[in-house]
Amino acid sequence: MVYDSGIELKPRGVMELFDQAIRLYRNNFLNFIGIIAVAQVPIQLVQMLLNLLIFDSLQSGSQVDAINYAALGGSAITFIISILSYVFVAGLATAALTRAITGRYLGEEVTIFGAYGQIKDRWGSLVGALL
């Protein structure tokens, strides 16, 4: 189903473009935040749980060994989470958000999972381009 977006495609000045962009984001704020949250929230929860497990090890065993292992584990987790964030948030979620913004600008209905569904055939090439 196609909705009338109320946005006419025509040449615009900078302030008109800025005004339309603000309206577009304001009218679709929850959808756009939800698209990013689908990728960001699970990654942050995994990072938090892993950090809790590692730093819980500080309570047992030798303090010097525990601190060394915790520092090593924390560094490894940070590195892995950074890569996951880069691929899923900076890559796939941004592509889904871009597709949703484009669709909404053209008057199409936008849903959180619908935006991911529209880019599903391109996930491999997106991840390949990121790496």
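Worth a mention:
- HN-Hα J in Hz across segment 121-128 - Karplus 6.51, -1.76, 1.60, θ = phi - 60°, x for Gly and Pro: 6, 10, 4, x, 5, 5, 5, x
- The residues packed around A96, meaning those with a beta-carbon under 12 Å from its beta-carbon, carry a net charge of +3 if Lys and Arg are +1 and Asp and Glu are -1.
- Seen from Y25, the other residues with C-beta closer than 14 Å to its C-beta sum to a net charge of +2, counting Lys and Arg as +1 and Asp and Glu as -1.
- Fully extended contour minus Cα-Cα distance, from F113 to Q20, at 0.36 nm per residue: 31.0 nm
- Residue-count net charge about A115 - beta-carbon cut-off 13 Å; Lys, Arg +1, Asp, Glu -1: +2
- Per-residue extension of 0.36 nm, minus the Cα-Cα distance of V127 and D56, leaves a gain of 22.1 nm for this segment.
Every read-out reported here was derived from the displayed coordinates using simple, explicitly stated rules and does not represent laboratory data. Please read these numbers as outputs of a predicted model, since none were measured by experiment. Backbone-built Cβ (ideal geometry, glycine too); neighbour counts: all protein chains shown.
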